[in-house]
């Protein structure tokens, strides 16, 4: 079955073309094509995962694509436990999101195109996941970036949305430049772009440590951009301008996880360099804390979730920064986070669908009107906050435990603080949205079933997914699927550490209830004064980027472009116009005098000679006979004389 | 072959030429279609005369055979020619070749 792993990315890509070309003419305007393709891909992914679960080795199948000098490109799939799990996550979240979108996007301006872009994104992401070599991975990496751009700017008629799309694209691109050079470094050092071969070479110590550090740091630049880590995290909250299901698929569960996935896929490269690992861990700790604090002060429900995503991705990064002990926990967190974060976004979308605003100040009391959305959102929040026994508890606890056991105190403390902050801002979001009295203008109502069913599915996963690796009960299924080295590495479960992390989460919830249990016009955190302003302005990072980098660059570039336009391009255009006029005049003269003259001359000659010759044609047979005889006589004389 | 008993070739050729010229004149100058046909017959017979004369002179029977073919073809030609003349007469009430000028421009 694993032979057909290549079909998993191929199916949504085929669906993309089908939807683009035939979507508008088919019933359902293309949505059923995308859903059917991703469902088939999901079933195939499950079969692939069953192969891995059955103890199968990583399977690689590659074909040479082309060769240019030393560069040998191939296309292929490399399926190990990590890739198989990712495939299941991507296809299932995509399936839930596409079904949900049928309801959410009903009657949209670009309904068919929306589904086409979703399919293209899913296919590209799956290509990134299964890619057997770095260049193929890069193709998927860039394609998901483009899809993200397209979908964030889906409602581009509003300037704000297209600005957000451009910001997301350029910010991630800033990370992609070092990423590209990282690939080059690794390829030059290893002589191959194949991930399996690179891993083997690194493990046998055939690549110099310094080179590996450089490659890992450059590659991590791409991960920082894609996974919205500090200092390039600024694009993700703005990316919430896109339709909410898009945020759930791309900016919560899958694409932003690509950075973490990349670091895990090339874990050998990172693990070989202590510098790179410390850097990853440091970025993780910084990002998780600043993003969690930012999530506290947002009024836009989607932005709360966006900063939460940044913070949780940083959790995974910090986990990877722990080295080998943190590998499985961080990927497990990636796995569980996908379910509950997709759930939270979709539930938030359901709320937005009902009240027509993102602003939590205009919500409140929705638990009565929207029971399904309320309960699923509550489940997602609890899972995210790490409440026992939901999915987030198990994965988060594993990272905290791994940090403690491997002696990374900074990461341990940062993770605990983030856990408390996470619980606090999620409590705030739940209380502001669903409790108290309704403060908005709309008439909220529960969403249609096509939207609530995906919520229920994801809620079930948010509850159950954690038990795949519930070490307290001796379950290590996930660790057997996803691990580095030949054997799964299992940490003993520590009830004391679990109690500490639960305590942190409990403290967060308690603080949240104390602060927001009763709704107040003025956010109680404003009492912090200038500190609050500092956080509210996002640590002035956006201002710094805009005033320090974007504007000066943009003005210089614009001036240069303007000058080039005015003097060089316009000059070229004008010169071309002048030459064209001259040539045209010449051709005109040639046409009138020579060509027309020849044509008229032929006609005139024919006319005159015809007029003259017609006098010979008397119709008198005897006269013709005279000509005939004269001609024969002349010929006879000539022949006899000459002969 | 006894040379004294034969007519000498130049006489025959001269006679033949006169006959041919008479035929040419008839074809070119006469207006009556029947007479034009008869003039063609004259020219053909002038040719026959030449053929037979040269055959006798050269002792080659091929010329005589050729003359017989020409006579056969001439008979056929006269048959078709007269049929055409009759049809023209039926259609146009005349056999004057000057008046048969439908093909004139």
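We did not get these values from a lab; they are worked out from the coordinates using the rules stated. It should be emphasised that the depicted structure is a prediction, and the values quoted were computed from it without experimental measurement. All Cβ positions, glycine included, derive from the backbone under ideal geometry; neighbour counts span all protein chains shown.
Worth pointing out:
- Normalising the average separation of contacting C-alpha pairs (under 8 angstrom, six or more residues apart) by the number of residues puts the relative contact order of chain A at 11 percent.
- For segment A:320-395 versus segment A:286-302, the gap between their alpha-carbon centres in whole angstrom: 15
- Degrees, to the nearest 10: A:209-226 long Cα axis against longest axis of chain A: 80
- For the pair residue A:361 and residue A:43 in one chain, pulling the backbone fully straight at 0.36 nm per residue adds 110.3 nm over the alpha carbon distance.
- Between residue A:582 and residue A:63, the FRET efficiency estimated from the beta carbon spacing at R0 = 41 angstrom works out to 0.15.
- Volume per residue that the Cα convex hull of segment A:510-643 spans, once the total is divided by residue count, Å³: 505
- Rounded FRET efficiency, nearest 0.05, which uses the C-beta distance separating residue A:602 from residue B:18 and R0 of 45 Å: 0.35
- Volume of the convex hull of chain A (Cα atoms only), normalised per residue: 296 Å³.
- Per residue, the protein assembly as shown reaches -23500 deg cm²/dmol at 222 nm when only DSSP H runs of four or more residues are counted, each adding -39500 (n - 2.57).
- Sorted by Cβ neighbour density within 10 Å, fewest at the top, the residues A:624, A:149: A:624, A:149
- Stretching the chain fully between residue A:406 and residue A:50 yields a gain of 125.0 nm (0.36 nm per residue, less the alpha carbon separation).
- Summarising the label geometry, the points placed 7 Å from Cα in the beta-carbon direction at residue A:170 and residue A:442 lie 3.2 nm from one another.
- Relative contact order for chain B, counting Cα pairs under 8 Å that sit 6 or more residues apart, in percent: 26
- Based on the Kirkwood approach, the hydrodynamic radius assigned to segment A:333-416 is 14.3 Å, with every pair of different Cα atoms included.
- Ranked list, fewest to most other Cβ atoms within 10 Å of each Cβ, for B:43, A:370, A:426, A:105: B:43, A:105, A:370, A:426
- For chain B, built as a Gaussian network whose Cα springs stay under 10 Å, the top-fluctuating residue of B:20, B:11, B:54: B:11
- Gyration tensor (alpha-carbon) shape descriptor, segment A:66-175, a/c threshold 1.5: oblate
- Cα centroids of segment A:133-169 and segment B:75-96: 97 Å apart.
- For segment A:1-107: Kirkwood Rh in Å [reciprocal of mean 1/r, alpha carbons]: 15.3
- Cα pair distances exceeding 20 angstrom across segment A:148-211, given as percent: 50
- Residues of segment A:297-333 falling in the label zone of residue A:541, defined by backbone nitrogen less than 16 Å from a point 7 Å along Cα to beta-carbon, are A:297-298, A:303-318.
- Virtual spin-label span in nm between residue B:71 and residue A:623, 7 Å along Cα→Cβ: 4.0
- Normalised by the number of residues in segment A:200-322, the mean separation of alpha-carbon contacts (under 8 Å, six or more apart) gives a relative contact order of 31 percent.
- Sorted by Cβ neighbour density within 10 Å, fewest at the top, the residues A:578, A:113, A:235, A:156: A:578, A:156, A:113, A:235
- Projected label distance in nm at residue A:490 and residue A:450, using a 7 Å step from Cα toward the beta-carbon: 4.5
- Available extension along the chain between residue A:156 and residue A:634 is 162.7 nm, counting 0.36 nm per residue and deducting the alpha carbon span.
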